[in-house]
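Below is one structure; the comments refer to it alone.
We did not get these values from a lab; they are worked out from the coordinates using the rules stated. Here the structure is a predicted model, which means the values were calculated and not measured. For neighbour counting, all protein chains shown are included, and Cβ atoms are generated from backbone atoms with ideal geometry for every residue, glycine included.
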Amino acid sequence: MTLSELYALLKSTGYPVAYSHFPAESAPQPPFITYRVEGSANFFADNRVHAKINNILVELYTEKKDLTAEAALEAVFDMNGITYDTLEIWIPDEGLFQKTYMIGVV
């Protein structure tokens, strides 16, 4: 899956989506989604990479615990066979919940 294919899947939730962040002058109201490549976990042998695997963080930002937004995003992952782990934090300075989905994309 390419990053543009992932972008299209994330857009299918109906929420605004951006790579890394939205420009300050055009930041949408929550809920919204950002995603970025955090690193890689490539499969290699014999001094070469056999499979490139990107570790991607998909972040859902909401003003309150939003089970509907979470379900929409998780349904997209589930329907497309994308496995994920999650982590959730409250960002006091922003007044937002951040739910992070950690996925691996080949």
| query | Label-point separation (nm) for residue 3 and residue 80, each offset 7 Å from Cα along Cα-to-Cβ? | reply | 1.5
| query | Comparing 51, 75, 18, which has the greatest mean-square fluctuation in the GNM of the chain with Cα pairs linked when under 10 Å apart? | reply | 51
| task | Name the residue, out of 57, 73, 87, whose mean-square fluctuation peaks in a Gaussian network model built on the chain with Cα pairs under 10 Å. | result | 87
